[in-house]
Amino acid sequence: MMITAAISGAEVSKKHNPSVPYTTQEMVLEAKRASDMGASIIHLHVREDDGTPTQNIERYQEVMTAIRASCPKLILQPSTGGAVGMSNEERLQPIALKPEMATLDCGTLNFGGDAIFMNTENMIITFAEAMKAAMVKPELEVFDQSMIRMALRLAKKGYVLNPLHFNFVMGVNGGIGASLRDFVYLTESIPNDSTYTATGVGRYQFDLVAMAAIHGGHCRVGFEDNIYLKHGQLASSNGELVEKAVAIARQLGREIARPDEARIILGL
Ligand code: KMH
Ligand code: ZN
């Protein structure tokens, strides 16, 4: 089972949990803690030192180089989602660094209040083409079943290559829920040769770890999606969240993939 750690995100801040990393040094420490506990992939957003989300290429380069110096084997997966309201050009910057993977968001989503996380079909095609040209494997971010249909249409047209790898982000208010029924609906909507990671947001984080573990899938945990170790108790680091995911997976009979095993699973 591959475990991805989404160590920072773009929406959560130190006001929510003081352990959310902003600086390069904090990012390295959190990536290392997650790696030490069993994460093979780091889903990466970067920040200014004051916590402002950025897609700045120099910042990505600095953080990725520093993480690699500390944990050379980890798979680094920058975000092309960035933060709500960023332009396509801003969002696409980390692709120029030719990471092994990056996220490709497969549809537009209500993101609370008046916020809209915009991903029109033409935007998705532009992002997919940039990733294909740079030989970056997309992780197809799916917040709803309709986004799987979008991804399959793009695959049919050759914008993304098979076998596909999905991330089901479940429990966001504007998207699909995080029930067992929702999980089955998504897993039964993807091609047999594809792989998926399940991400439960907030209180659903570990429900989805268990569902994915039982079903033979992969999972994502981390501060981007959830800041609590359990009800009312903040996690002290991403490592603690990974540790709990590993314990659940092992209890259910799963072995945890090391980074090189994850590369084989993903065909990197
Ligand atoms: N921060 C969200 C607006 C991704 O990384 O591709 C988008 C997001 C998805 O986090
Ligand atoms: Zn993200």
For this session: Name the single residue, out of those in the range 52-70 being farther than 25 Å from Thr126 by Cα and open to solvent by 10 Å² or more (accessible area, probe 1.4 Å), that is nearest to ligand 1 (Cβ to nearest atom).
Result: Thr52
Problem set entry | Residue under evaluation Glu129, criteria (1) part of a helix (DSSP H, G or I); (2) open to solvent by less than 20 Å² (accessible area, probe 1.4 Å); (3) among the acidic types (Asp, Glu), criterion not met | (2)
Exercise. Which residue, of Thr120, Thr103, is β-branched (Val, Ile, Thr) and within 12 Å of ligand 1 (Cβ to nearest atom)?
Worked result: Thr103
For this session: Quick one: which residue in Phe143, Phe127 is at negative phi, under 15 Å from the mean Cα position of the chain (by Cα) and of a type in the set (Phe, Trp, Tyr)?
Result: Phe143
Exercise. Ser40 fails exactly one of the following numbered conditions: (1) surrounded by fewer than 19 Cβ atoms within 10 Å (Cβ to Cβ); (2) in contact (Cβ under 8 Å) with a residue 12 or more places away in the chain. What is the number of that condition?
Worked result: (1)
For this session: Determine whether Gly112 is closer than 21 Å to Glu224 by Cβ, more than 13 Å from ligand 1 (Cβ to nearest atom) and open to solvent by less than 50 Å² (accessible area, probe 1.4 Å).
Result: no
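Quick check on my filter: what residues within the range 139-168 are in contact with a strand residue (DSSP E or B) (Cβ under 8 Å, 6 or more places away or on another chain) and either part of a helix (DSSP H, G or I) or open to solvent by 50 Å² or more (accessible area, probe 1.4 Å) (or both)?
Passing the criteria: Asp144, Met147, Ile148, Ala151, Pro163.
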Exercise. In this structure, is Val12 within 15 Å of ligand 2 (Cβ to nearest atom) and either in contact with a helix residue (DSSP H, G or I) (Cβ under 8 Å, 6 or more places away or on another chain) or more than 21 Å from Thr197 (Cβ to Cβ) (or both)?
Worked result: no
Exercise. Do we find that Ala102 is within 15 Å of ligand 2 (Cβ to nearest atom), on the phi < 0 side of the Ramachandran plot, among the small types (Gly, Ala, Ser) and touching a residue at least 60 places away in the same chain (Cβ under 8 Å) in this structure?
Worked result: no
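The values are calculated or read from the model by the stated rules, or taken from the named source; none is laboratory data. Predicted, not measured: the structure shown is a model, and the values here were computed from it. Cβ coordinates were reconstructed from backbone atoms using ideal geometry, including for glycine residues, and neighbour counts include every protein chain displayed. Surface accessibility is based on the protein's heavy atoms, side chains included, excluding ligands, DNA and RNA. Shrake-Rupley method; radii C 1.70, N 1.55, O 1.52, S 1.80 Å.
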